[in-house]
1. Please identify, among A:Ser46, A:Ser95, A:Ser278, the residue showing maximal mean-square fluctuation in a Gaussian network model of chain A using a 10 angstrom Cα cutoff.
2. Any chance you could check the Cα centroid distance between the stretch B:166-200 and the stretch B:83-118 for me, in angstrom?
3. List the residues of the stretch B:27-74 whose accessible area drops by at least 40 Å² when all protein chains are present, compared with their chain alone, using a 1.4 Å probe and counting only protein heavy atoms.
4. If you fit an axis through the alpha-carbon atoms of helix A:308-351 and take the longest principal axis of the Cα set of chain A, what angle between them do you get, 0 to 90°, nearest 10?
5. How much of B:Glu147 can a 1.4 Å solvent probe reach, expressed as accessible area in Å² and rounded to 10?
6. By how many nm would the segment from A:Arg137 to A:Thr230 lengthen if fully extended, with 0.36 nm per residue of separation less the alpha-carbon distance?
7. Just reorder A:Lys139, A:Lys16, A:Lys217 by solvent-accessible area, largest first, 1.4 Å probe, all chains present.
8. As a test of the formula, what do you get for chain A when each DSSP H run with n ≥ 4 contributes -39,500 (n - 2.57) and the sum is divided by the residue count, at 222 nm and rounded to the nearest 500 deg cm²/dmol?
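The values are calculated or read from the model by the stated rules, or taken from the named source; none is laboratory data. What you see is a predicted model; the values in this text were computed from it and never measured. Note that we place each Cβ from the backbone using ideal geometry, even for glycine, and neighbour counts take in every protein chain shown. Surface accessibility is based on the protein's heavy atoms, side chains included, excluding ligands, DNA and RNA. Shrake-Rupley method; radii C 1.70, N 1.55, O 1.52, S 1.80 Å.
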Amino acid sequence: MRLLANLALQNLGRRKARSLLLIAAVAIGSGVVFTGATLMRSIDDSMAAGFSRLGADMMVVPEGALTNITAALLTVEPTDLVLDADVLAKARIASVGRAAPQKIARVEHSGIGSHHDLVDLVGFEPAHDFTIQPWLREKLNREFRAGDVILGAGRDVPLGSQMLIFGKPHVVYGKLGRTGVGTHERGVFMSFETLEALAGAVPQHGSSRPAALAPGKVTGFLVELAPGATALQARFAILSAVKGAKVVTGDSSLSGIRQGLSALLQGILALMVLMFASMAVMVSVLFSAIITERRPELGLLKAIGARWPQIVGMMVVEAVIATGVGGVLGVTLGVLVMRLYERSLVYYLENIGVPFVWLDLPRMAAFAAAAIVLAAAIGALGAFYPAWRASRRDAYDLVRGEG
Amino acid sequence: MLVCRQVSKSYRTERGVVTAVAGIDLDVPAGRFAAVIGRSGSGKSTLMAMIGGLSRPSAGSVEVDGTDVWHLSDNALAAFRNEKVGYVFQFASLLPTLRLIDNVALPAMLGRRQGASGTYARAAALLERMGLGGYLDAYPAEISAGEQRRAAIARALINDPALLLADEPTSDLDEQTEIEIMDVLRTVNREVGTTLVLVTHNLALAEQAQQIVHIANGAIVA
Ligand SMILES: Nc1ncnc2c1ncn2[C@@H]1O[C@H](COP(=O)(O)OP(=O)(O)O)[C@@H](O)[C@H]1O
Ligand SMILES: [Mg+2]
């Protein structure tokens, strides 16, 4: 009813200072929660992307193979030494979570780049790979398939264009982001199937054809530890199960950072829950007091025939307006604060090796809406119970200020 | 029209049970003007509240226009207060954040029996009749106590109640204003035929009533 809604609105205006304090408190609460949730999700997503892009925990290669360890990822250097593609699978090692086999052939006169360029042709299994596809920065809008190649960031060929490799046509399916690792940036990546199909076309130059091109052979495996497993456990298990292999581990400080950040985010989550809980308590205490103060008016409304839903509705509308406005204000404030500190935050995170990417807009909008709705809901709940109790009292008791 | 049978009310307080009204029998025929008199604390307001559907009796029954008031459901009781009874309180009872016209229209809007435009026209006419035609858009704080009381009477009349209950409506007003307000109430009683039950400590006023109910210690004295 318009008059009751009007009353609710007017009532807020009667105690301006108190209404403003309530709105401010809710704004701070919902602002912190919105900002916390958005940052947390963004950092979490960035971290998930960042760490999966960081590649593997360790690498299994033939003894004598060269390897390249950088902060960002482990890479296998091309070599003529190979392992059987199924050695790890057969060994069934519990401490190994995921294993991505790779075939690498360094070739000359491939038709890519200038004549004498050495090109690394890297074969991977799309289904098992976790070190190449996460780096995809742009790709065609379809599934990756046989005959497709993915280019390292160092090669500038448009997506979808045709690329001849040893005279065979391939389609440029995607491009990787910068990794800072030369072999990776110059690499041409394709499925095992595509790489093996090239075997016949690769000319033999005195030496034999790269061994990795043979079906069933791989240059090495990139390994991610099973949850809870240590690198030492995995190393022992692999070395005892796979003859002629060596295990190379990456930089262990990164997993430490990851665990630290996770703990921090969980702390923020706990803080957010507490924040909302205390906001709910505060709003209901405040509205109990407001309703006590307004008993004579509520009694009067009841005396002239207001039904209890009308009385409760009026109080709830008043609360929802206050907390809803607080929620909107809080979200606005949150957006401003995030804008303000964006630079230093991004700088800090990238410094510790986590590339920062903001949450996408639809999800951020969903968080904003959720924060506002939650704030309004807290208002509705906080006002409902005391209003409902008051509305059940005898009108006369209320009018006299009792009840 | 109004029938009370052994209606009682006791309050549980820290000092024990206080009996405010102790078994009152009362009959007021339709259209009559009845005055309730008695000393302060004798239970007059409590009786009025029980008649008007504002305070549930501890025992006994109240019947208005054939309806057993305290056996109504919550919603029906709200409708009873809204439609059957006009209540004028002892104190200022307008909502301070609403204009006079809104205050007067409010009971009709709560019941929502007729459209808003009709209601507001009626509210304006009532205020006019109370001599407040120039204050439709004023807020209660902007007019005098006597004018506020007249607006409260207009509000009590907006739904054409069968029963008008006025609990010492003039106790805090000056004599001249008191006479004006009494005139208004008695005019409504005489011209519209609304049954009027008036609590007053002014014996001269009470003597103009067709029926005098004298209460002491929560009971009727002859
Ligand atoms: N809510 C209450 N709690 C306790 N005692 C009450 C309450 N309301 C009224 N009383 C007591 O009941 C008696 C009658 O009060 P009331 O009906 O207001 O008298 P009157 O209107 O005649 O002055 C008084 O003694 C008063 O103190
Ligand atoms: Mg009294």
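1. Most flexible of the set in this elastic network: A:Ser278.
2. 18 Å
3. Correct list: B:Leu54, B:Asp74.
4. It is inclined by approximately 30 degrees.
5. Result for B:Glu147: roughly 40 Å² accessible.
6. Between A:Arg137 and A:Thr230, full extension yields 30.3 nm more.
7. I get A:Lys16, A:Lys139, A:Lys217, largest accessible area first.
8. Value at 222 nm, helices only, nearest 500: -18000 deg cm²/dmol.
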